[in-house]
Amino acid sequence: MLTYQYNQDIIRIRETVNKDDVEFHIQVLKEKPFVDHLKQVQNFFEDNEVYTDVLFYAYADHEYRVIVRHDYYTDFILALMKHRLLQSVKWEKEGLTDSEQ
Amino acid sequence: MEQQAIWAIGIFLVIYALIIAEKIHRTIVAMIGGGLMVVLGIVDQETAVHHIDFNTLGLLIGMMILVNITAETGVFKYIAVVAAKKARGEPVRILIALALITAVGSAFLDNVTTVLLMVPVTFSITRQLRVNPIPFLITQILASNVGGTATLIGDPPNIMIGSAVKELTFMAFIENLGPIAVIIMAVHIPLFILLFRNQIQTTDELKRSMMKMDETQLITDRKLLKKSLTVLGLTILGFFLHQLLHLESATVALAGAFLLLLFTGEHVMEEAFARVEWMTIFFFVGLFVLVSGLIETGVISQLAKTAIELTGGDLTATSMLILWLSAIASAFLDNIPFVATMIPMIQEMGNMGVSNLEPLWWSLALGACLGGNGSLIGASANVIVAGMSGKEGYPISFVQFFKYGFPLMLLSIILSSVYVYIRYLM
């Protein structure tokens, strides 16, 4: 499974796994330049030809709800990494949760 | 019948069958059909070019450029989310709001472009509320064909009719088809609620989440938004005034498109041209040349003569025949080639002494546009939505659409029959 780390002074991420998708609640704590970085991730998924891969919903105070289809989970995490919203991404053995590592 | 006419009918029927079969892309088939008419000498090249309706093509290209640039600003997503919030996150109310936006958008932008804009927004809203998107998409297909009926630019059949008959201006379409389109929408809305309310339930928590959304973040480029909306508004005003200005609707649309490109600069131009649906444009080119073969060899005038004989030249009977024939044919065949064939036939009826063609034109427009709701393959908008939905894992089957679309189409044609009779024939 894919695990990731992020700077908690910049961003907070909460994940909920549903039947068809994974729901992320993301709050960007440091506006510049990270809100723009997240928007670049959003633009990337909105400009491709799949409409339901990763859906962004924006709220006040730089809070976002992001619904990610299971088959696009890795793409989404790697896009966050590419835009420096994550510090590291690593493949871990199946069955290990974030807290166990 | 002359040998040339037999060849023209043969080519036309084979091409029509290939378009229906959908084994080869309809644009390739239509262009080959048009090409055969020229290569076999049924029409000469100059006559073929003369039959291509550049007003229809210009109008489509101009509107595609305008709407695609405007869509880049995020304004259509913004409108949909504002509507969803006004509906307080309630799925049934959102379903109606999106259907109404689709109907109005289809009337003033054209229905194919409107559904292309609405489908992604619909997926976003329904996923957020965790409801099935299919009832939303079906109602939007139906609304797009009803809304598109109301104006000259709303639906390809109307664009073709408006372009072929100079007296039928943008205002004439609104005055004659607007009222019946509004009546049909008003009758459809309670039926949409009745048919779909049980299929789209959500939780209070998800409704609250929708209400908290910050829709202002959906606008991505405010400068471009101001420019786009100004030019789009001027273009729509231009449609209303095109007769007074002595301009064709295509001139208005293309002027709007290039004015916006002048304001936005070259970097937008390449993207805007890339998004024009050239396959649709060339489909029209092929069809115009294909039908020219039937016109030039006298086949169309023979068909018109037969239709007049069938109805005894009675205006009421002819109008009803055109309305119902167009509706049933458009439900199962592509309405664009059908209308391309019917236009010269009605013009020929005028040459044969039918003095008042107006009810016939409105019957053709109503039948061809509303008939598109009869099945999933009835109109371009239907095919596009079904394709997009299927690709995202929500296939809409022919039967699933038919059980809603066909009865509602019949209802709309009954309402149209009463309207045409009372307004033009009594």
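The values are calculated or read from the model by the stated rules, or taken from the named source; none is laboratory data. Because the structure is a prediction, the values reported are computed rather than measured. Cβ placement follows ideal geometry from the backbone for every residue including glycine, while neighbour counts extend to all protein chains displayed. Heads up: the accessible areas ignore ligands, DNA and RNA and are worked out on the full protein's heavy atoms, side chains in. Shrake-Rupley method; radii C 1.70, N 1.55, O 1.52, S 1.80 Å.
Across chain B, counting alpha-carbon atoms alone, Rg and Dmax equal 21.6, 72 Å. Reported value for the protein assembly as shown: 162 Å³ per residue, from the convex hull of its C-alpha atoms. Element breakdown for the protein assembly as shown at a 1.4 angstrom probe: carbon and sulfur atoms account for 61% of the accessible area.
Each residue was assigned an accessible area with a 1.4 Å probe, and for B:H242 the value is about 20 Å². Counting only residues at least eight positions apart within a chain, or on another chain, the lysines with an alpha carbon under 24 Å from that of B:K391 are A:K19, B:K23, B:K77, B:K403.
If you model segment B:187-289 as an ellipsoid using its alpha carbon gyration tensor, with each semi-axis the square root of five times an eigenvalue, the axes come out at 36, 24, 17 Å, biggest first. Placing dummy labels 7 Å off each Cα toward the beta-carbon, the span from A:E15 to B:M352 is 7.1 nm.
Per residue, the solvent-accessible area of segment A:2-86 (1.4 Å probe, heavy atoms of protein chains only, all protein chains present) comes to 52 Å². Remark: chain B carries 40 Å² of accessible area per residue (probe radius 1.4 Å; ligands, DNA and RNA excluded). Overall, the ratio between the Cα radius of gyration of segment A:2-86 and 2.2 N^0.38 Å, rounded to two decimals, is 1.00. Rounded to the nearest 10 square angstrom, B:F170 shows an accessible area of 0 square angstrom against a 1.4 Å probe. Report the accessible surface area buried between chains A and B, summing both sides, using a 1.4 Å probe on protein heavy atoms only, in Å² rounded to the nearest 100. Buried: approximately 1600 Å² between B and A. Between B:L237 and B:R197, the modelled label-to-label distance comes to 4.3 nm, taking each label 7 Å out from Cα in the direction of the beta carbon. With a threshold of 31 Å on the Cα-Cα distance, the over-threshold entries among A:K82/B:K86; A:K32/B:K227; A:K93/B:K212; A:K32/B:K85 are A:K82/B:K86; A:K93/B:K212.
Heavy-atom accessible area for B:L303, with the other protein chains in place and a 1.4 Å probe, reaches approximately 80 Å². Rounded to the nearest 500, the helix-only mean residue ellipticity at 222 nm of chain B stands at -25500 deg cm²/dmol, with each DSSP H run of n ≥ 4 adding -39,500 (n - 2.57). Here's the picture: charge each Lys and Arg Cβ at +1 and each Asp and Glu Cβ at -1 in the protein assembly as shown, and of B:T139, B:G10, B:G313 the one pushed furthest to the positive end of that dipole is B:T139. For the set B:E46, B:E348, the ranking by accessible area, highest first and with no ligand, DNA or RNA atoms included, is B:E46, B:E348 under a 1.4 Å probe.
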